[in-house]
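Read through the structure below, which is laid out as structure tokens, and then see the notes.
Every read-out reported here was derived from the displayed coordinates using simple, explicitly stated rules and does not represent laboratory data. The structure presented is a predicted model; accordingly, all values stated were derived computationally and were not measured. Glycine gets a Cβ as well: all are built from the backbone with ideal geometry, and neighbour counts include every protein chain shown.
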């Protein structure tokens, strides 16, 4: 690796680090507080016996964060830094994949695009498992590519280990496994290669055996939610035209809200990406495995989404490096247009990322701000399952539902959080007003709407 290339990839990684550290101390949102609570407060015995069977994810990410927090602390920045590191490692591996398939120049382009990618930045800052799964999926793909050329024992071990760890981190990213099978069949590899490939699944089988009892209990809990007819189940993400389009739109824009300017910029970015992807037709055979990586998991997810609600764009974060690798390959073939197209794509990504990072209104749910705002006053939720984030930041024990109304209180703050799902008939509000409380104000903390009620004297 030349000194120039080393310098450039170092610069890309430094940029990726700086943007991922920006606004890293924003409030945890609801699901993040679940991870933080497990890491900070929950004994391992309780985690495996009580928490994990009721969750929908394997244990490895929780255990990783718990171990990290025990060393570096449990602040927002300290815990989220695990995702920052996974994000940085994914940017670097994207460079390595581009270099392996074509050149260091293409690898640098792909890494630069991922470094400022708004969706990847967002989840490189989130205390959930998505940055970790994107990293493990990229590790597995990188070593799979190396196995296609000159298989080394170390590559077999790292590929085998990474897919096992992936299963122990999240379930849906295992849709990358059919990518390896499908492309290996198409590549018509030797019998000796296939023997090693099959043996490489032993670690995966061991991981599956370890997680299977927990998975059965988790699946049973999920089916009970489905059979209850809960609106929550339907909100999780079935296969619809809207959810399908959102996968590709959010890959471009990240988590910023739509307005006229964002729509126009998205259309421009989509056009440039389309032009670049069309150019990948040249030398398509070399790029086939990357296309498999991008397309196969999404197609499988959309098919399964007709039966199980898994179609949420962030769950497919692990295919994002494939998209930027293809864009980089295509852009490289644009001749004189290469530089302006690449500069435009980087600029558009930087704009979307800046809209998220620099505008607090686009940050996550601000439970910390809500806890500071209500102080020691009574707080009322519409459901008992949505109070964990408030508890994480407040010493006040909230109540929920009509039965939780403290009629002796002078003021009560009613959170409207997911009211349309858990209290669609608005019974909590009606009961509060019937108890002699009158609305006197309202605030919104990045999606957490709270109404202030005062006792009518």
Which length gain, in nm to one decimal place, applies between residue 31 and residue 55 when the Cα-Cα distance is subtracted from 0.36 nm times their residue separation? 7.5 nm
Return a whole-number percent for the relative contact order of the range 367-455, with Cα pairs under 8 Å and 6 or more residues apart as the contact set. 30
Förster-model FRET efficiency, 41 Å R0, residue 286 and residue 45, C-beta, rounded to 0.05: 0.20
Quick check: the distance between the Cα centres of the range 73-99 and the range 188-222, to the nearest angstrom? 26
Run the quick spin-label model on residue 208 and residue 337: label points 7 Å from Cα toward the beta carbon, then report their separation in nm to one decimal. 4.5
Would you kindly state how much longer the chain becomes between residue 72 and residue 299 on full extension, computed as 0.36 nm times their sequence separation minus their alpha carbon distance, in nm to one decimal? 77.8 nm
If I take every Cα pair under 8 Å that is 6 or more residues apart in the range 3-362, average their sequence separation and divide by the length, what percent do I get for the relative contact order? 23
Cα centroid separation, the range 386-457 to the range 129-176 (Å): 46
Using a ≥ b ≥ c from the Cα gyration tensor of the range 403-457 (square roots of the eigenvalues), is it rounded, prolate or oblate, where a/c under 1.5 gives rounded and otherwise the larger of a/b and b/c decides, a/b for prolate? oblate
Cα-projected label distance for residue 385 with residue 264, points at 7 Å along beta-carbon direction, nm: 4.3
May I ask what percent, to the nearest 5, of DSSP beta bridges between residues of the chain are antiparallel? 70
Residue order, fewest to most beta carbons within 10 Å, for 304, 247: 304, 247
Provide the packing ranking of 80-93, 331-344, i.e. peptides ordered by the mean count of other C-beta atoms within 10 Å per residue, highest first. 80-93, 331-344
Would you calculate the convex hull of the Cα atoms in the range 367-455 and tell me its volume per residue in Å³? 81
Give me the percent relative contact order of the range 1-106, please, defined on Cα pairs under 8 angstrom at least 6 residues apart. 34
Sorting check: for 43-52, 103-112, which peptide has the highest mean count of neighbouring beta carbons within 10 Å, and how do the rest follow? 103-112, 43-52
Sort 364, 40 so that the residue with the fewest other Cβ atoms within 10 Å of its own Cβ comes first and the one with the most comes last. 40, 364
Please state the shape class of the chain: rounded when a/c is under 1.5, otherwise prolate if a/b exceeds b/c and oblate if not, all from the C-alpha gyration tensor. prolate
Exposure proxy check on 57, 143, 120: fewest-to-most Cβ neighbours within 10 Å is 57, 143, 120
